[in-house]
Amino acid sequence: MEFAELIKTPRVDGVVLRRPFLPTVEGTLCLTGHHLILSSRQDNTEELWLLHANIDAIEKRFVGSLGTIIVKCKDLRVIQLDIPGMEECLNIASSIEVLSTLDSVSLMYPFFYRPMFQVIEDGWKSFLPEDAFKDLESMTEEWRLSDVNKDYSVCSSYPPLVAVPKDVDDDTLRKAAAFRHGGRFPVLSYYHKKNGMVMMRSGQPLTGTNGRRCKEDEKLINATLRAGKRGYIIDTRTVSVAQQAKARGGGFESEANYPQWRRIHKAIERSSILQESLIKLVEACNDQSHSMDRWLSKLEASNWQTHVKEILTTACLAAQCIDREGASVLVHGTEGTDSTLQVTSLAQIILDPACRTIQGFQALVEREWLQAGHPFQQRCSQSAYSNNKPRCEAPVFLLFLDCVWQILRQFPCSFQFSQHFLVLLFEHAYASQFGTFMGNSASERSKLNLSQKTVSLWSWVNRPQEVERLSNPLYEANCLVIWPSVAPQSLLLWEGVFLRWKRSSRCLDEAYDEMVHIIQYNKELQNKVNNLRRQLAQLETEEPLLQTP
């Protein structure tokens, strides 16, 4: 199929573009296979280059022969195009609808994108499991890197290499995989250097109504316990949801078969509920007509902040078990690809200062989301505006980023990156020129040969000028565990995502620039003080020599 067949009217002159906080622009609208472009001959006017993949929904309106298309984007932006001529407007709208909903992966923009920047570091090779395991080997000899899943036959959503206890052989892993949802047997997620405790993740056990057990699974998770120690199993579902899963062949670990493990149930909502919550939240944020009380009521009714609180509470619990109780932890929900990953990755941000650096956070996203099998293609195919009925869509990754922002806001000096990095990851998860978030697993990315055919987002992020842009000027390395508050008054609406197209950030930007200026000035003064101290010390050593006869 050729893109030209889908574009009825490739170009229209005299189109007026209206965007939040920017002046109205009149120019020429062009449609290509992947972009909606509006360019103007006016000086100092920024062109619009919008990926079709970023378009969530469109609306058409007509007044006489003038047509208007409202374009609603996955990054929550809303723009308006006034197009002269009804036929041109209908043709443009029809083409946008088709081009923004193409199912063919091979036609997606990352396969066509050619970088205009010099690739200094190949992002596809930046965070390999082998490299991460070398760090683990320097701390402990109790684990090994298994290639039991090298052909993705044991678990289609796991990477080819996984860290498992050294005393457990591959045959045991295969049998344990048959007992876990989707073949997701327990694997190492995090090793706590301070006390040697670990966090693992998996899918739910397939106990069913008959209380089926698996000796190999029991052996695998018991192999992570130290002598005389107990562990905690954190199930991200409520007891009732976990009980219902038994009827469908799933279930949870019984205390009789796992006597050294204490099971704790939490209440992180399923993905379908999260999508409804996002839609309600964005609807509330876009509603400018009501009083503050009504607006706050709609915000509360979306339950978004409740989800943030529940996820953060569960992550704090996992971190507390490891750091304060000195116990190892296994985290799972049903599939082990959504709420499980939110908890394990947030717990690492709380516990591990390396995860709060720009490189460390990339490694965390790569390890705990991309390689761990979060289905990005399914979860991020629609955002808050789509008129299509949700299938597998859910803002699981966006909720994780929101939770990270909450911690960053409470500990503004402990993160090397600013919220700009989190916003960038949100945008690229939903629509990108890079191949990083394509597919639903490492297996799918391997079949698509993304590392050879597309550019990695990390190649862009790790350029010196981009690192500088995403850096937090307040950052001071903090090697301590950080414990975020989950009290309602401590959790705020993430304005940088949900209100950025509704409320001008000019005042905040000016305040930020002033802060950067003050920090820079402070550093300069500190350097002057240090130089003067050195000069004074030198003079003091020279003075006795001058007094000697």
Taking θ as phi - 60°, what are the ³J(HN,Hα) couplings along segment 251-265 by the Karplus curve (6.51, -1.76, 1.60), each to the nearest whole Hz, with x for Gly and Pro? x, 8, 6, 7, 5, 5, 8, 10, x, 8, 10, 9, 9, 10, 9
Whole-Å semi-axes of the ellipsoid equivalent to segment 94-156 (Cα gyration tensor, √5λ, descending): 38, 20, 9
Averaging over all projection directions, find the projected area of the Cα convex hull of segment 3-102 and quote it in nm² with one decimal place. 5.9 nm²
With every protein chain kept in place and a 1.4 Å probe, the residues Arg469, Arg506, Arg463 fall, from largest accessible area down, as Arg506, Arg469, Arg463
Segment 95-251: projected area of the alpha-carbon convex hull, averaged over directions, in nm²: 14.7 nm²
Which whole-number percent is the relative contact order of the chain (Cα, under 8 Å, 6+ apart)? 15 percent
By per-residue mean of other Cβ atoms within 10 Å, what is the highest-first order of 214-223, 358-367, 254-263? 358-367, 214-223, 254-263
Take Glu87, Glu276 and sort them by solvent-accessible surface of the protein heavy atoms, 1.4 Å probe, largest at the top. Glu87, Glu276
In whole angstrom, note down how far apart the Cα centers of segment 110-134 and segment 199-218 are. 36 Å
Given the candidates Ile221, Ile120, Thr344, the one whose Cα lies deepest towards the positive end of the charge dipole of the chain, counting +1 at each Lys or Arg C-beta and -1 at each Asp or Glu C-beta, is Ile221
Give me the distance between the Cα centres of segment 486-505 and segment 233-281, rounded to whole Å. 29 Å
Putting +1 on Lys and Arg Cβ atoms and -1 on Asp and Glu Cβ atoms, find which of Gly14, Thr101, Leu48 reaches farthest to the positive end of the dipole of segment 3-102. Thr101
Calculate, in whole percent, how much of the Cα-Cα pair population of the chain lies beyond 40 Å. 32 percent
Non-local residues with an amide H under 5 Å from the amide H of Ile233, with H modelled 1.01 Å from N and Pro and chain starts lacking one, are Arg262, Arg263, Ile264, Leu330
Past 29 Å, Cα to Cα, is the threshold; run Lys166/Lys193; Lys219/Lys447; Lys194/Lys309 against it and keep the listed order. Lys219/Lys447
I need the phi-derived Karplus couplings for segment 314-331: 6.51 cos²θ - 1.76 cosθ + 1.60, θ = phi - 60°, integer Hz, Gly and Pro marked x. 5, 5, 5, 4, 4, 5, 5, 4, 6, 7, 9, 7, x, 10, 7, 9, 10, 10
Residue among Leu370, Leu398, Tyr385 farthest towards the positive dipole end of segment 346-411, charges placed on Cβ: Tyr385
So for segment 1-98, averaging the separation of alpha carbon pairs under 8 Å that are six or more residues apart and normalising by length, what relative contact order in percent results? 26 percent
Average accessible surface area per residue within the chain, 1.4 Å rolling probe, Å²: 48 Å²
Which percent of the accessible heavy-atom area of the chain goes to carbon and sulfur, probe 1.4 angstrom? 51 percent
Please give the net charge around Phe117, taking every other residue with its beta carbon less than 12 angstrom from that of Phe117, where Lys and Arg add +1 and Asp and Glu add -1. 0
With the cut-off at 24 Å, tell me which of the pairs Lys74/Lys150; Lys8/Lys72; Lys8/Lys60; Lys502/Lys523; Lys266/Lys502 have Cα atoms farther apart than that. Lys74/Lys150; Lys502/Lys523; Lys266/Lys502
Kindly write out, for segment 109-125 in residue order, the coupling ³J(HN,Hα) from the Karplus curve 6.51 cos²θ - 1.76 cosθ + 1.60 (θ = phi - 60°), rounded to whole Hz, with x marking Gly and Pro. 4, x, 6, 9, 6, 10, x, 8, 10, 7, 7, 7, 10, 6, x, 5, 10
For Tyr190, what residues show an amide H to amide H distance below 5 Å, using hydrogens built from the backbone and excluding near sequence neighbours? Met199
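The values are calculated or read from the model by the stated rules, or taken from the named source; none is laboratory data. Bear in mind that the values here come from a model prediction, so they are computed numbers and not experimental data. All Cβ positions, even for glycine, are placed from backbone atoms using ideal geometry, and neighbour counts span all protein chains on display. Accessible surface areas use protein heavy atoms only, side chains included; no ligands, DNA or RNA. Shrake-Rupley method; radii C 1.70, N 1.55, O 1.52, S 1.80 Å.
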